[in-house]
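These notes are about the structure you will find just below.
Every number in this text was worked out from the coordinates using simple rules, so none of it is lab data. Because the structure is a prediction, the values reported are computed rather than measured. Counting neighbours? That spans all protein chains shown, and the Cβs are built from the backbone with ideal geometry, glycine included.
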Amino acid sequence: MELGHDARIIDPRFVAPYRHSGRSGKNDRNDAQAICEAVSRPTMRFVPIKNPQQQAVLTIHRVRSGYVVEHTRVANQFRGLLAEFGIVVPKGVATLKHRWLQIRTQHAEQIPPLALEEFDGLYRRLLGLHQTILAYDRKMRLGRISKRGDPYLRTLLIHGARTGLMHTPNQQDRKSLWAEQLKHDKPWNKVAVALANKHARIAWAMLANNTSYQPT
């Protein structure tokens, strides 16, 4: 771009329909032909090119996402190893963290000291990962949404909705009252997804009509 070229990025999902022989014909030659065909379409949607600051923000999001995956993996491993000793813990990372000290006391004689030491290590690791994720949330200032869209954007919308649900009890605008009413009938995560969906529609309307947000 610095040399005057018109650089553009196309989502691979939009290129695939123009590739000869579909997936079985994927090679450099067919890929190049498909890209040339796709870029010539007048209605083709291109991925916006990020500046260094935007790329830096995306880096933070991706690193946080990695910690979330590791947090879930450690919790599943923890729960699975406990099950080997006949100790079944309900699903949910929060439940596991909150109940471990109680489980440790109740089953101290059932679990060998060597295993207890490893379980304590997993517990400390879970707490550490949780604090790391919270630190990234503070740095970033942070569930029907179409699954055909950007999955990471969907994740951010849902995270934002969860944060918003923590403040709706103190708000009297129509959206907050709607969310509070929904809490009585639906689980928390479903309410978060519903609120995220509403936020996505509001954002689209603001962009489409070039207007600012007007709470009611």
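Distance between the modelled labels on residue 87 and residue 54, one decimal in nanometres: 4.9 nm (7 Å Cα→Cβ projection). With a Förster radius of 41 Å, plug the Cβ-Cβ distance of residue 204 and residue 29 into 1/(1 + (r/R0)^6) and report the FRET value to the nearest 0.05. Approximately 0.60, to the nearest 0.05. When the helices of the chain are scored as -39500 (n - 2.57) per DSSP H run of n ≥ 4 and the total is divided over every residue, the value at 222 nm lands at -21500 deg cm²/dmol. Along the range 104-119 the Karplus relation, 6.51 cos²θ - 1.76 cosθ + 1.60 evaluated at θ = phi - 60°, assigns HN-Hα couplings of 4, 5, 5, 10, 4, 7, 7, 9, x, x, 4, 6, 4, 4, 5, 5 Hz to successive residues, with x for each Gly and Pro. Over all other residues within a Cβ to Cβ distance under 14 Å of residue 117, the charged ones net out to +1, with Lys and Arg as +1 and Asp and Glu as -1.
Taking the alpha carbon gyration tensor of the range 1-89, multiplying each eigenvalue by 5 and rooting it gives semi-axes of 42, 22, 9 Å, largest first.
Take each peptide in 158-166, 113-121, 39-47, count the other Cβ atoms within 10 Å of every residue, and average; sorted highest first, the result is 158-166, 113-121, 39-47. Here the residues 95, 132, ranked from fewest to most Cβ neighbours within 10 Å of their Cβ, fall in the order 95, 132.
Under the rule a/c < 1.5 gives rounded, and otherwise a/b versus b/c splits prolate from oblate, where does the chain land using the Cα gyration tensor? In terms of gyration-tensor shape, oblate.
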